Amino acid sequence: MTLDVSRRSLLALGAGLGAGLGATMMSGGALARAPKLGTQAPYFHRFTLGGAEVTVVSDGPLPLGDPSGTFVGVPKEDVQKMLTDNFLSASNVILEQNAPIVNFGDRVVLFDTGMGTSKLFGPTTGRLQKSIAEAGLKPEDVDAIVCSHAHIDHIGGIVRADGKPLFPNAQVYISQEDLDFWTDEKKMDGPLKDFIVHARKNLLPVRDRIVFFKNGQEFLPGITAISAPGHTFGHHIFNIQSEGKSFAFLGDLTHHQVLLLERPRMEFAYDSDPKMAAATRVKLLDMLAANKTAVMSYHFAWPGYGHVVKAGDGFRYIAEPMVMQL
């Protein structure tokens, strides 16, 4: 049977509904008077990975503002069109900060730690500890912190404002190249000052807990480092595996689920070497797409978990459905 709905019938239907509602109001019919709540859901998402349990917690949205000064190498109009075509603001790019906590059963591992006390990108960041509490977890249960690199928004939540560790029982894993570069006191007077200050504040108080990893090394059971230089020279992504299931934590391989996937050779202003970063991005995204490897990006739209697939000269991100697991 074919249902033929004309414009006239739709208008008549709308008029009828309006008349019915008006009659109800005039006759004293009850209307909802529940107060507006003004609250959001807790900022965590949980799923299983083989025998492990993954809890994604957020450090809060990180606004970058006008994309024209940050995403470069393509016309400004192209950037704005990519954003508006995906129903995103063309004047204020907002990134997420998705930090997975993986409970392998015998150890708990946190990947990256957010902005901490720094408000360099505004007041919406720095909620990692609150998100952890909302998820029913405790900082003292974390055995290891794995850092993709030493930028402010990834190592900022390792210590408190007074320099004491926020995760009292955790060893810290990072590449030696990034530790040496971003804690170098000689760079304090240059353009990287804010990044150097924050890295020194968070990494030097736990220097005796730091363990280095190398490319290709399974430095913790189920966690393998993969070198991804360019964003920083010591930047790494990680393969996380449990009982035959795996995903890749991308760190800052790509910052945006549209811009740096559709146009992966676009340059990003916060990259230490933008051309190297673009080459690394294309190489590793090609590998991940070909292998159909699940991914989690630190900065993709919450909670940042899904797949990347080839799309012409670039890629497309397909988010994994947020299915509740009982």
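Taking the criterion of being closer than 16 Å to GLY114 by Cβ and of a type in the set (D, E, K, R), the residues of segment 48-101 that qualify are ASP59, GLU96. Just checking, how many residues over segment 175-211 are surrounded by 14 or more Cβ atoms within 10 Å (Cβ to Cβ), touching a residue at least 40 places away in the same chain (Cβ under 8 Å) and of a type in the set (S, T, N, Q)? Final tally of qualifying residues: 2.
Here LEU288 meets each of (1) open to solvent by 20 Å² or more (accessible area, probe 1.4 Å); (2) not in a loop (DSSP other than H, G, I, E, B) with one exception, condition (1).
Pairs meeting the criteria (first residue in segment 43-68 and closer than 26 Å to PHE104 by Cβ, second residue among the acidic types (Asp, Glu) and buried (at least 19 other Cβ atoms within 10 Å of the Cβ), beta carbons under 8 Å, at least 6 apart or on different chains) are SER58/GLU96; ASP59/ASP153.
Yes or no, residue by residue, for (1) surrounded by fewer than 15 Cβ atoms within 10 Å (Cβ to Cβ); (2) within 15 Å of ILE226 (Cβ to Cβ); (3) within 14 Å of the chain's Cα centre (by Cα); (4) touching a residue at least 24 places away in the same chain (Cβ under 8 Å):
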{"position": "PRO264", "(1), (2), (3), (4)": "no, no, no, yes"}
{"position": "ASP271", "(1), (2), (3), (4)": "no, no, no, yes"}
{"position": "ALA294", "(1), (2), (3), (4)": "no, yes, no, yes"}
{"position": "PHE300", "(1), (2), (3), (4)": "no, no, yes, yes"}
{"position": "TYR305", "(1), (2), (3), (4)": "no, no, yes, yes"}
{"position": "ILE318", "(1), (2), (3), (4)": "yes, no, no, no"}
{"position": "MET322", "(1), (2), (3), (4)": "yes, no, no, yes"}
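Could you list, in sequence order, all residues of segment 216-232 that are part of a loop (DSSP other than H, G, I, E, B) and surrounded by fewer than 17 Cβ atoms within 10 Å (Cβ to Cβ)? If the condition is that a residue be part of a loop (DSSP other than H, G, I, E, B) and surrounded by fewer than 17 Cβ atoms within 10 Å (Cβ to Cβ), then GLY216, GLN217, PRO221 are the ones that fit.
The values are calculated or read from the model by the stated rules, or taken from the named source; none is laboratory data. Not measured: the values here are computed from a predicted model. Cβ sites come from the backbone with ideal geometry, for glycine too, and all protein chains shown count toward neighbours. When the accessible area is computed, the model is the full protein with side chains, heavy atoms only, and any ligands, DNA or RNA have been set aside. Shrake-Rupley method; radii C 1.70, N 1.55, O 1.52, S 1.80 Å.
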